[in-house]
Every structure is written in C-alpha cells, then in structure tokens.
Amino acid sequence: MAAVAAMSDSARVRRVFELELRRDCTNQAVVGGLDRMLIQMEEDGALPIGGELRRLVAALPAGGYKALDRNRRQDWLETAIRGLNLEEAGVARMRARPDVRPAPPRVVAVPPLRAARPAPGPRERLAPAPLPTPKIPLDAPIERLPGIGKAGAEKFGKLGVHSAADAVYFFPRRFNDFTNIRPIAELQPSKERQTVVARVAMVREMRYGRRVKGAEAMLQDSSGMMRAAWFNMPYVARSLAEGDMLVVSGKVRLFKGRPQMENPEFEPYDADISSAGRLVPVYPATQGLSQRVIRRAVGFAVEFLAAAIPDPVPLAIRERDQLSPMAESIRTLHYPGSFVEAEEARRRLAIGEFLAIQCAVLMRRAEWQGGRTAPPLEIGETLTAFANSLPFALTRAQAGCLDEILRDIRADIPMLRLLQGDVGSGKTVVAMAAMMAAVRSGHQAVLMAPTEILAEQHYRSLSGMLGGSGPSALEGVFMPAWFDRPVRMLMLTGSLSAGQKAQVRGDAAHGGADIIIGTHALIEDDVQLPRLGLAVVDEQHRFGVAQRLKLRQKGTNPHLLVMTATPIPRTLALTVYGDLEVSTIDEMPPGRKPVETEWVPPHLRDEAYAFIRERLDAGEQAFVICPLVEESDTLELRSAEEEFERLKAGPFHRYRLELLHGRMAGRQKDEVMSRFANREADMLVSTSVIEVGIDVPNATVIVIEGAERFGLSQLHQFRGRVGRSAKQSFCRLFSTEEDPGPEARERLEAMVDTTDGFQLAEVDLAMRGEGEAWGSIQSGANTMLRVARLTDRDLLYRARQMAIEILERDPRLQRAEHRTLAAAVKPFLEKATEAN
C-alpha cells in the first residue's frame, strides 16, 4: 500500500511538473508556487524517506525552485520528470513481480546558489550528486555547522547565535538586490535603498567641520563616478583600498549636483553571487565574520532544519486562518525571490512572535488581578469641589481619562492603567483627583518619580492644588477649602537628612501621611505603607513585575496608575505596557500655541542670538540646553559650564544668566530654579536635568545645543519646557555642523515639521526600529523581537485577539496543543522579570 501511495504522489507531482514545463517554468503551475507545494508535502509526511521526491527536493538550493533561473528550472524539471517516470515504472514492475526490486534511479543535484559558480553561459546538463540529509538537532552548538570552528563560534556568539536553531532564526537585516544593480549614471535621489557595483577610485579620512570625523570615497563604474561619505566613521577609510570592487547599498541624495550615498553599507564584490541575479541576504555581522561565512552556515541550517522549527501558532488557528507553513516562511525570508515575498514571509513569522508577547502580557495582567481584592476608592462629591477649585476647566480628554480611572478604582479588582499624554497636557491634575479618591476613602496614595527634581516639581504642583506652596518634609499639612479635613502630604527623597527621612517613614507607617511623594525609595523595605490604596508612577522607565511585587509585599493590593509624558504608539503600548489598560490625553489645554521650531546650522547662529535677545527684551525668558556638564575632548560637545561662561561674556552679557546641572545639591538646584521661576534670571543654561520637572510659563524660548546628539523623544521632551502659557513660544535646534549626517538631519527635520508628540513617536519608531525606539521606556522583551515590527499594527491586533481567544480556553497554556506556544511565551515572561 505504501508503494501505491508513493506512486500516486509521484504521479500527481509529475503532472504538476509537466504543466510547469508547458507554462515556460514560470512557477505558476500551482497556487503559491512549487516550493509551497513541496514543503506542504514534507510537513504532511508525503515525501517518504528514500523516495525520489525527497531526493529531488534535497537537490534544490536553499532558495528553493523559485531561486533558479529559467534554464536551470527547465533542467531540474526535465530531470525530475525522468526520475519520477523511472520510479513509477519500478513501482509498477514491483506490483506485477513482488520478488523483483527496482534498481535505484539516478539522482541529480543543482548546486546551491550560494556556492561559487561561473558566469551564465550555454545551458549545462546537471551532474549526478546525491545529497544526504545530515542529522543535526536544533540545540546542536553552532560549531556543528560547516565552516564554523571554535573561533567562528565565538564570533557568532557575539551576534547571539549559539545553536543551530539560532542560525535558522538569524534572519537577514536587508538584501543586496542583484536583480536591480544600477549604473551610477542612473542613480536618482530617493529615500529608497539603491545598489551599485563599483571600484574604489579614492578613499580618505575626512573631517566635516571642526568636530565630526568621517571617511570619504570616490566610487567608479563604467557609467560614471559618485561620492560616498561615512559620517562619524573614520575607520571606514582604513578598511578600504583603492582598486577594491564593492557592492554598495544606501540612500542617494544630491551633493553639489552629483549623486552621493551617505553612510552606505558595503561588502566585497563576489562575481559568483552577483551573477545569480537575485536577492542576496545581508546578515548582521561582527569583526572577523564575513558575509560569505555567515551565508554558508545559515544557509546550511535553514536548508536542513527549517522544517523542524516548532510553530507557536496552534494548528487549529493556522488552519482556520490559512497561514503559510512555518518552514516555508523561514526559507523564504532567508532566500526570497522578491521583496514582496520577503515581506509576506516576515509578516507570517511575526504573527507567532506577537502571539507569544500578547499571551505573556495578558498572563501577567491576570496574575496581578486574579484572586486578589483591592480597596474600592470613591471620590464622590469631592470631585466637583476639586474641579471647581482649579483655575481652569478640564479638557474633554482629561475628563474622559479621569472617568476611566475613577471607574477602575471604584472596583475591588486592582487597577492596572497607563495614563499617557504629551508634555503639558495635564496628566498631574488627573492623577491628583485619583489620589484624593484614595484619601477620601481613608487610604494612602503615593506618587513615585524617576528623579528627585521631578519629585520636587510634583510636590510644588500638588501643593498649589491643595492651597499651599513650597516643599517641607516636616510640615506638609494643607487645608484645602474644597475638602472636609486637613491633608498631610510628605516628600521622601535622597537629599533629606537621616532624621528627616526617619520622620517621613514613621509618619507613613503610622498613618500620619495621606500622600507621599518621592523616588523609588518609596517601595524599599524600610518604608511601610499599611493603608496604601493607590500608587501613581510617573516615569519613563518600565515599572515592572518586581516593583509590583514589592508593593504587594507591603500587605496591600493597591491600584496602579503609570503616567508617561513620552507619547507611545498604540502598538508599542500593547507590547511594553500590554498588560495595562491605556488612557490617552490627546489634546492640549485651550489657548496653547504650537511651539515654533527651527533648525539653526552654525552659520545662522548669530541671527538666532539676535532673535533670542528680542524675546528677552520683551520680558520673556529662555532655556539653553547643553549635552554635558563640563567640557569633553572626546565628544567635542559644548558643555553647560563652558557655554554658560561663553554666553555670559559674549552675546548675552547684558542679561542675567543662571547655571543648572545634575551635580548640584538638591537645595542649590532649588535655589537656581526658584530664582528663574521668580524672573530673577533671564536665561537658564542647563544640562538635560530640565528634560522633565520644570514648569516656567514665562519661558518662551528654548535653545538645544548639539541637537543632533539627542534622540527624537528627548528633543520633544526638551521642547515641552516652553509653550506652557498662551504666549507664542520658540524652539531653536542648534547643530554643531552644517550637515550633521542623514539620520540626525531626518530627526531635526521631523522636529521642525510637527509638534505632535504622537506623530513624532511614529516617526521615531519608523526611523530607529524596535530595538532602539523610545529606548527609555522599552522592556527587555521588546529586544527579543526577531522579525516583528512595532509598525505591524494589524498583525499585533490580530495576535492579541488570538491570545485572548486561546487564554479564555486555557489560561495557563497547559493543554497539549499549546505546549509550543507556552515554550515561546516563557522567555518573554522571564525577560520581563529579569529586566525589572
């Protein structure tokens, strides 16, 4: 019966191959192409060991049938049809004469495309060469792959590749497009990557302006020459030599009317690879590990192990949603026939990654809330009295977010909610209303900030809402007219004396404090909060699993509200904060004007100074932000101390200047900020300590020195220090060079184009990718994404629905059909715990 089944399969496949020949080898004989059909047969067990079909598939290169050119496809098909005819004839003879065994058919092989091969010429006949399937387990060390010894394994280890399975999952970061090599003369300015093959005519180290070093090369082909520039990478000049033939790939822009590539990627030209005329994978690399070695090892692993990689998406969902086979998608992503195929394969694999993440965050949420009771908090009529006491009306977005929070904390299920809003959108007043619900209900509230200066700012803000001003660790008793009893608010920071800290801890432990503001010291073991009902965490770093456990260990199950002023794209919120519900304040208070932003290169600096003097003469104030506290020869950036002295003696000698930086004592910083807030100074020169926590409505100008050195998120946070009143405000982005390089230029242009923090978050996400974007708020789990992108909104939402559906039936992923998914979820849960 097995022989009959084998003949049936081979006859069916032979007919498909014959149809493919009649259709001129276009890979359209079956839906999805021959590779999909063969891979599906392999996964269904329809390629018997020792059978002709299996040998034929093993003879294909790593890229599969679709990677062959037309002539080689025809050769392979003709050979395959002859072999299958022989096999069918042998099976028929065996059925007629059971005592006679058919002679084994000849086996032919197509050399893998990644191997060296002469340039295309007359059609060649294929030589017989059987390919045995090596037996390498997925957990085998990387040394088991061809060409990888101990030294090579150490280099692969630097890339996170330690096992054969890691090699299968080691996906290309881009492709050299040998289907579309362009002559230099045909290059066009574009944001799309373009590829040329050219000879190095000249290469040298360069200095761009006073501060930025780099490399420059002139590249030449038969059609012309172009310039390639590598900013901040002078070592490139030492790695190239005149006469080198390179494959160069990058974005093209015009420089003095001629094409130029900026910070392009390159590798030595390999005529054997380029002659294949296809997409060639380019993998992340490290020193001493060439693309040729990586391609050989990874190609071998993919060819023989892709089918053994488990799929985290349960079979029932794969069948229902008609997802492509995992092995097919892995092979395609390594060796695609086109960019469209590569993207389709990446998206299929991304579903599995997102599913694992969503299961992890939903399981964390269930663990936090399941089976535990939180104190119900009710604000009642206090909300109206509090709102009426404010000098402004809540915006629609503020009121909506507050309703969501108050609804959560009325219940006895511990709240887990993220409150996000742009700088100046009014998150603090929303949090204050929630904290007063805790106080009114007889419980305590804490507000934790990432830095002491921000904790002090919160104390000032909340003091104003309670009817007082000025921080004091020993007093802090307020008598708001809108509340029926005194409210005691204390602050616990590192700058307090030992006696003051002991007093605050004692008051917190014995019920003498209603609201406690401080840094993360608040959740340390020596701080007791017996009546804690609500914890508000205002930070840019993840307040994770370990910190939550510390809150719970204090004997309560408090509600948790996390605030962030860094606008987070929805997809990022679903991963970084996926176990939290999200409330978004997406509008600014009425009367606020967008901050007018300009990029100021060095030659326009004096003009910008003149404009700033006009604003100061009008009675307004200005910030000047510098990257460093003191001068650095290594970074060659303007320091706050150096710039303070230069501005004071030069363009702003007629004005009152103050200096602020993180090395100052807390009291000294308070004094500086108090003088600036009270208009006793016209200009504040500061390091990045003012990124958060400083609110001076009369400050209408902010200058950011060395703006190209800051990330987009941080630039936006700086800009948020102005524009906090009805006055028109201005942001000037000072670069140290006329042309700071392509990536920095893109960031600065984005800042000029929009003041919408959520739009900038999306831009930053697209520019920098998942591993880096908004790095100050990312959890460790995000760095574990191999193929999924946080711009894949539709895939993430789809995966979240899958996760909800699965966990409703199997909350702990204990069923047999979910074992593979449970194994994929485990690293994300462990990584989140370790990172926090």
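Annotations
- Looking at L362, L394, L383, L419, just one residue is open to solvent by 20 Å² or more (accessible area, probe 1.4 Å), under 27 Å from the mean Cα position of the chain (by Cα), aliphatic (A, V, I, L, M) and at pLDDT 90 or above, and that residue is L362.
- Flag for A726 being part of a helix (DSSP H, G or I), open to solvent by 10 Å² or more (accessible area, probe 1.4 Å) and out of contact with any Phe, Trp or Tyr (no Cβ under 6 Å at 6 or more places or on another chain): no
- Hits in segment 329-359 - residues which are in a helix (DSSP H, G or I), in contact with a helix residue (DSSP H, G or I) (Cβ under 7 Å, 6 or more places away or on another chain) and open to solvent by 30 Å² or more (accessible area, probe 1.4 Å): R331, E341, R347
- Top-ranked residue in segment 397-416 [being open to solvent by less than 20 Å² (accessible area, probe 1.4 Å) and outside any loop (DSSP other than H, G, I, E, B); ranked as modelled with the lowest pLDDT]: L416
The rows are residues; the columns are (1) touching a strand residue (DSSP E or B) at 6+ places or on another chain (Cβ under 6 Å); (2) over 16 Å from T820 (Cα atoms).
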| site | (1), (2) |
| --- | --- |
| T286 | no, yes |
| I294 | no, yes |
| F304 | no, yes |
| A307 | no, no |
| D321 | no, yes |
| S324 | no, yes |
| I330 | no, yes |
| P336 | yes, yes |
| E341 | no, yes |
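- Looking only at residues in segment 142-184 that are polar (S, T, N, Q) and within 27 Å of the chain's Cα centre (by Cα), the one that is least open to solvent (accessible area, probe 1.4 Å) is N176.
- Filter result for L454 (closer than 13 Å to D538 by Cα and open to solvent by less than 40 Å² (accessible area, probe 1.4 Å)): yes
- Neighbours by Cβ (under 6 Å, 6+ apart or cross-chain): first from segment 359-381, closer than 13 Å to V825 by Cβ; second assigned to a helix (DSSP H, G or I) and open to solvent by 40 Å² or more (accessible area, probe 1.4 Å): A360/L829
- Leading residue by the ranking (modelled with the highest pLDDT) among those in segment 156-170 that are touching a strand residue (DSSP E or B) at 6+ places or on another chain (Cβ under 8 Å) and assigned to a loop (DSSP other than H, G, I, E, B): H162
- Restricting attention to segment 592-602, the residues that are within 29 Å of L418 (Cα to Cα) and either open to solvent by less than 50 Å² (accessible area, probe 1.4 Å) or assigned to a helix (DSSP H, G or I) (or both) add up to 1.
- Checking R253, R238, R227 one by one, the residue that is open to solvent by 20 Å² or more (accessible area, probe 1.4 Å), farther than 24 Å from L279 by Cα and part of a strand (DSSP E or B) is R227 and no other.
- Residue check, G337 under 26 Å from the mean Cα position of the chain (by Cα) and touching a residue at least 24 places away in the same chain (Cβ under 8 Å): no
- Whichever residue in segment 435-451 is under 32 Å from the mean Cα position of the chain (by Cα) and open to solvent by less than 20 Å² (accessible area, probe 1.4 Å) and, among such residues, is farthest from Q717 (Cα to Cα): V446
- Within segment 102-123, none of the residues are over 27 Å from G337 (Cα atoms), part of a helix (DSSP H, G or I) and at pLDDT below 90.
- Qualifying residue in segment 603-616 (condition: open to solvent by 20 Å² or more (accessible area, probe 1.4 Å) and at pLDDT below 90): yes
- For segment 206-220, filtered to residues that are at pLDDT below 90 and in a strand (DSSP E or B), the residue that is most open to solvent (accessible area, probe 1.4 Å) is R207.
- Residue match in segment 292-306 (condition: open to solvent by 40 Å² or more (accessible area, probe 1.4 Å), within 27 Å of the chain's Cα centre (by Cα) and under 27 Å from R199 (Cβ atoms)): no
- Pairs where the first residue, in segment 587-601, is over 13 Å from F730 (Cβ atoms) and the second is open to solvent by 80 Å² or more (accessible area, probe 1.4 Å) and not acidic (D, E), C-beta under 8 Å, 6+ apart: E587/R396; P589/F392
- Taken over segment 466-481, residues that are open to solvent by less than 40 Å² (accessible area, probe 1.4 Å), of a type in the set (A, V, I, L, M, F, W, C) and either modelled with pLDDT under 55 or touching a helix residue (DSSP H, G or I) at 6+ places or on another chain (Cβ under 6 Å) (or both) amount to 2.
- Only listed residue being surrounded by fewer than 24 Cβ atoms within 10 Å (Cβ to Cβ) and more than 28 Å from G591 (Cα to Cα), chosen from G511, G533: G511
- Considering residues of segment 795-812 that are part of a helix (DSSP H, G or I) and open to solvent by 80 Å² or more (accessible area, probe 1.4 Å) only, the residue farthest from I357 (Cα to Cα): R809
- Criterion violated by M489 - all others in (1) buried (at least 23 other Cβ atoms within 10 Å of the Cβ); (2) outside any strand (DSSP E or B); (3) not β-branched (V, I, T) satisfied: (2)
- Segment 30-67, subset at positive phi and at pLDDT 65 or above, residue most open to solvent (accessible area, probe 1.4 Å): G32
The values are calculated or read from the model by the stated rules, or taken from the named source; none is laboratory data. As the structure is a prediction and not an experimental result, all values here were calculated from the model. Methodologically, a virtual Cβ is constructed for each residue, glycine included, from the backbone with ideal geometry; neighbour enumeration extends over all protein chains shown. Calculation scope for accessible area: heavy atoms of the full protein, side chains included, ligands and nucleic acids excluded. Shrake-Rupley method; radii C 1.70, N 1.55, O 1.52, S 1.80 Å.
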